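Visitor: Below is one structure. I have some questions about it.
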Amino acid sequence: MNEESKEKLKLLQKIYDESSNIVFFGGAGVSTESGIPDFRSIDGLYYQQWKYPPETILSHSFFEEDVQEFYRFYRKKMIYPEAKPNITHKILSQMEAKGKLKAIVTQNIDGLHQKAGSKNVFELHGSVLRNYCTKCHKFYSEKKIIESENEQNGLPLCDCGGLIKPDVVLYEEGLDDFVVESAIKAISKADVLIIGGTSLVVYPAASFIDYYHGNKLVLINKSETMADSRANLVFHESLGEVLSSLQI
């Protein structure tokens with residue numbers, strides 16, 4: 001790590017030490033170190049071949065029109081049952097335990113923040129760990145979706161016969177009002193906002209950072225983002241490496 005990076009880490013430590021209300025806003029880059037590919041990197045999901053573009057398959061209309069193909073893709077590309085929390089998830093959990101981190105606002109659907117021990121997590125796009133019957137609303141774990149591959153037509157069906165749908169926000173669907181309001185409230189009250197592992201191109205989620213009006217905006221992402229110019233501190237390095245340098 002060069003001298004400039006070392007100086008920035010010292011400043012990050014100072015910001016952390018002096019803060020009492022940190023909010024973390026994260027994206028797919030948070031979970032790549034857990035073996036879950038992101039959508040837009042060169043080796044990410046969007047660059048892998050499939051019968052249809054991922055944006056098409058993961059849309060509400062496609063779910064309605066070709067549910068078998070939807071689940072064939074969903075089981076293979078969206079659920080990672082073996083994934084475990086990485087250093088970033090663990091450090092954020094430690095920050096919360098210390099009373100420093102007040103909330104995590106995530107675009108991820110893998111549930112790894114909670115597995116690491118974080119309590120106050122706002123999942124903007126839902127979770128693959130929650131699934132519900134579209135008929136009777138009974139909830140199921142992701143195991144039901146995985147096991148349905150061996151069932152008739154490859155569809156996850158409820159005991160009542162209804163189709164089970166993942167509790168994730170598909171393209172063309174709106175975000176949950178309570179989650180949105182809670183996330184915005186947390187960000188607006190933060191004295192420090194750390195943005196990590198997101199390219200900030202997915203809306204409306206990316207617009208949430210506009211509700212932060214403080215002067216301690218920290219951005220950690222391997223590539224440049226639209227918010228680099230407005231951030232007070234920018235790291236184009238590994239999220240795990242930067243956060244693990246902090247004395248929690």
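Visitor: What do you reckon, is residue 80 hydroxyl-bearing (Ser, Thr, Tyr) and not in a loop (DSSP other than H, G, I, E, B)?
Guide: Numbers: hydroxyl-bearing (Ser, Thr, Tyr): yes; not in a loop (DSSP other than H, G, I, E, B): no.
No.
Visitor: Mind counting the residues in the range 155-168 that are open to solvent by less than 30 Å² (accessible area, probe 1.4 Å) and over 27 Å from the mean Cα position of the chain (by Cα)?
Guide: 2
Visitor: Right, next: Does residue 129 satisfy the criteria of being surrounded by 17 or more Cβ atoms within 10 Å (Cβ to Cβ) and either among the basic types (Lys, Arg) or touching a Phe, Trp or Tyr at 6+ places or on another chain (Cβ under 8 Å) (or both)? I'd like the intermediate steps shown before the answer.
Guide: Working: surrounded by 17 or more Cβ atoms within 10 Å (Cβ to Cβ): yes; either among the basic types (Lys, Arg) or touching a Phe, Trp or Tyr at 6+ places or on another chain (Cβ under 8 Å) (or both): no.
So residue 129 fails the test.
Visitor: Under 8 Å between Cβ atoms, which residue pairs at least 6 apart in sequence (or on different chains) link something in the range 218-239 that is open to solvent by 80 Å² or more (accessible area, probe 1.4 Å) with a partner that is part of a strand (DSSP E or B) and at pLDDT 95 or above?
Guide: Partner pairs satisfying both residue conditions: 230/217; 232/217; 232/218.
Visitor: Do we have residue 172 as modelled with pLDDT of 95 or more and open to solvent by 30 Å² or more (accessible area, probe 1.4 Å) here? Steps first, please.
Guide: Working: modelled with pLDDT of 95 or more: yes; open to solvent by 30 Å² or more (accessible area, probe 1.4 Å): yes.
Taking the combined requirement at face value, the residue satisfies it.
Visitor: I'm told residue 146 meets every condition in (1) farther than 20 Å from residue 59 by Cα; (2) open to solvent by 50 Å² or more (accessible area, probe 1.4 Å); (3) of a type in the set (Val, Ile, Thr) except one. Can you identify the failing condition by its number?
Guide: Going through (1) farther than 20 Å from residue 59 by Cα; (2) open to solvent by 50 Å² or more (accessible area, probe 1.4 Å); (3) of a type in the set (Val, Ile, Thr) one by one, residue 146 breaks only (1).
Visitor: Test each condition in (1) over 24 Å from residue 82 (Cβ atoms); (2) assigned to a strand (DSSP E or B); (3) not acidic (Asp, Glu) for residue 130 and report the one that comes out false.
Guide: Going through (1) over 24 Å from residue 82 (Cβ atoms); (2) assigned to a strand (DSSP E or B); (3) not acidic (Asp, Glu) one by one, residue 130 breaks only (1).
Visitor: Which of the numbered conditions does residue 122 fail, given that it passes all the others? Conditions: (1) out of contact with any helix residue (DSSP H, G or I) (no Cβ under 8 Å at 6 or more places or on another chain); (2) not in a loop (DSSP other than H, G, I, E, B).
Guide: (1)
The values are calculated or read from the model by the stated rules, or taken from the named source; none is laboratory data. Predicted model, so just to flag it, every value in this text is computed and none were measured. Neighbour counts are summed over all protein chains in view; Cβ atoms, including those assigned to glycine, are modelled from backbone coordinates with ideal geometry. Accessible surface is based on the protein model in full, side chains and every heavy atom, while ligands, DNA and RNA are left aside. Shrake-Rupley method; radii C 1.70, N 1.55, O 1.52, S 1.80 Å.
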